[in-house]
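Enquirer: One structure is given below, represented as C-alpha cells, and several questions about it will come after.
Computed from the coordinates by the stated procedures, all read-outs in this text should not be read as laboratory data. All of these numbers come straight from a predicted model, not from anything done at the bench. Cβ placement follows ideal geometry from the backbone for every residue including glycine, while neighbour counts extend to all protein chains displayed.
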Amino acid sequence: MSNAARTTFPMPSANDQIAPAAKAAANGPVVLTEDGTPAFVLMTHDEYLRLKDRPRSILDAIADMRPEADFDFDPPRYRGPARATPIDLE
C-alpha cells in the first residue's frame, strides 16, 4: 500500500461520488466515515488480496484484542523426563 495521505469521504458523499472514491483508492486506502467516525475502508482488490493472504504472526494473534479473535490455547502436557540430562562437553 502506498504511503500517500489517506483520503476520507463522508458516507453520503461516497454514495454520490463512488467514481472519485474508487479512483482515490488506487493511490491508497479511502476511509468512509459515518458522522465523522471512520466506518469502512475502500481499497483496490489487489491490496485486499495482499492483506488477506498475508500470514499472521503469533504476535499479531496475541495483540488482536477483538472478541472474535479470542481463541483457546490448551497445549499438550509435557511427558518427558522430569530433569534435564547432563551433557558432557569435554
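Enquirer: Can you figure out the FRET efficiency of K23 with L51, using R₀ = 25 Å and their beta-carbon distance, to the nearest 0.05?
Expert: So, using R0 = 25 Å, E works out to roughly 0.80.
Enquirer: For A39 and R77, what is the calculated FRET efficiency with R₀ set at 35 Å and r taken between the beta-carbons, to the nearest 0.05?
Expert: 0.15
Enquirer: If I model a spin label as a point 7 Å beyond the Cα along the Cα-Cβ vector, how far apart are those points for T85 and I58 in nm?
Expert: Going by the 7 Å Cα→Cβ label model, 2.5 nm.
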